[in-house]
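Accompanying notes for the structure given below.
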Amino acid sequence: MVIESHHHFGNYTATDYGWIDESMPALRRDLLALPALQQPRGFSGRAARMGDWKVIERYEDGRVHLSNLRDDTGETKDLAEREAARVQAMRERLHAWYRETGAKFLRAKEGGPAPWSPKRGP
């Protein structure tokens, strides 16, 4: 499993970053907007890859997104619902990594709601 730690998945567009052209496929893939995952202000999370599969877990609420990178390099199709067992297995490995490394998560502000963490669940 490969961990992609603390990503900021934002609304980057080719218009905003016109210098990222076809000669830079990795940057185009990894930086520019992923339509299925796009949010108005972006989000932070951690991603893990196992073989052709990539799961992204959001810090804010624990929601997940799953992509098959072989079939969908642009990560435009969220397969999390269809592949629930795969998501569960990948999350278990990711959460084991959290425990092994002592990963830290958001803490509540004084008087505020408790944010998501893998200990609390969705």
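Filter the range 76-94 for residues that are more than 15 Å from Arg46 (Cα to Cα) and of a type in the set (Asp, Glu) and give the result. Within the range 76-94, Asp78, Glu81, Glu83 meet the criteria. For the range 93-103, the criterion of being basic (Lys, Arg), at pLDDT 60 or above and under 13 Å from the mean Cα position of the chain (by Cα) is met by no residue. Evaluation of Tyr98 against the conditions (1) more than 14 Å from Glu57 (Cα to Cα); (2) part of a helix (DSSP H, G or I) shows that the sole unmet condition is (1).
Does the range 89-122 hold any residues that are closer than 15 Å to Lys54 by Cβ and not aromatic (Phe, Trp, Tyr), and which are they? Ala89, Met90, Arg91, Arg93, Leu94, listed by residue number. When residues in the range 104-120 are screened for being under 14 Å from Arg63 (Cα atoms) and under 16 Å from the mean Cα position of the chain (by Cα), 3 of them pass.
The values are calculated or read from the model by the stated rules, or taken from the named source; none is laboratory data. All figures in this text were calculated on a predicted structure; none of them were measured in a lab. When we count neighbours, we look across all protein chains shown, and the Cβ atoms used for this are built from the backbone with ideal geometry, even at glycine.
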